[in-house]
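Note sheet for the following structure.
The values are calculated or read from the model by the stated rules, or taken from the named source; none is laboratory data. All values reported here derive from a predicted model rather than from experimental measurement. Here the Cβ is made from the backbone with ideal geometry for all residues, glycine too, and neighbour counts use every protein chain on show. Each accessible area value is taken on the protein alone, full model and side chains, heavy atoms only, with ligands, DNA and RNA left out. Shrake-Rupley method; radii C 1.70, N 1.55, O 1.52, S 1.80 Å.
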Amino acid sequence: MNETVVTLVGNAATGVEFRETSTGGMARFRFAVTARRWDREQQLWTDGHTSFYTVWAWRTLAANLAGSVSVGEPLLVHGRLKVREEERDGQRRTSVDIEAVAVGHDLTRGTAAFRRVLRGDPTLTARQGRRDAAVAVGEAAGSRAQAPVEMMMRQEPIPELASAP
């Protein structure tokens, strides 16, 4: 079966709703994409029509989204395009969903600090513990990350890599 894979650039229009399911976490949020074009006559950028998508994510991506994305943040969403048509109250409606494969912050509009999530530690993606967990991970990673940098600056081999086959 052929699937349509898309990459969209836009903003989180709603907060991430996260739920635990029997198969793992599930998250969804609305995503706004506004086309921009250069108006030659007025010599400025103008906004076009805004399209809204519902982004769905599962398992680890869902949990990480819940702990990382807030309303209004600029994002890139990469995933499978799903178009659904349904009839509600006698009216035909079309919904466009994206089943996300990857989501990231748009670094053309700001900076981000990536923190690797340790498997099996749900506090790292919990909304209320997000800041404390980030500090704890940063401190733990900082002590591990600093040692290889210092060794590289001294041009000494990194012990973990020196013993690799």
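Is the shape of the range 12-108 best called rounded, prolate or oblate, per the rule: a/c under 1.5 gives rounded, else a/b larger than b/c gives prolate, else oblate, with a ≥ b ≥ c the square roots of the Cα gyration tensor eigenvalues? Since a/c reaches 1.5 but b/c is at least a/b, the shape of the range 12-108 is classed as oblate.
Taking a probe of 1.4 Å, how large is the accessible area per residue of the range 30-93, in Å²?
Values: 4420 Å² over 64 residues.
In whole numbers, the range 30-93 has 69 Å² accessible per residue.
Each residue of the range 6-17 was assigned a 3J(HN,Hα) from its phi angle through the Karplus curve 6.51 cos²θ - 1.76 cosθ + 1.60 (θ = phi - 60°); the sequence is 10, 10, 10, 10, x, 10, 5, 8, 9, x, 7, 9 Hz, with glycine and proline shown as x.
Here the simple spin-label model places points 7 Å from the Cα toward Cβ, and for Leu118 and His49 these points are separated by 5.0 nm.
Treating only the Cβ atoms of Lys and Arg (+1) and Asp and Glu (-1) as charged, compute the dipole magnitude of the range 1-82 about its Cα centre; round to the nearest 20 debye. Its charge dipole is roughly 180 debye. Couplings 3J(HN,Hα) for the range 85-102, derived from phi with the Karplus relation 6.51 cos²θ - 1.76 cosθ + 1.60 (θ = phi - 60°), are 10, 8, 10, 9, 6, x, 10, 8, 10, 10, 10, 10, 10, 10, 8, 5, 9, 8 Hz, where x marks Gly and Pro.
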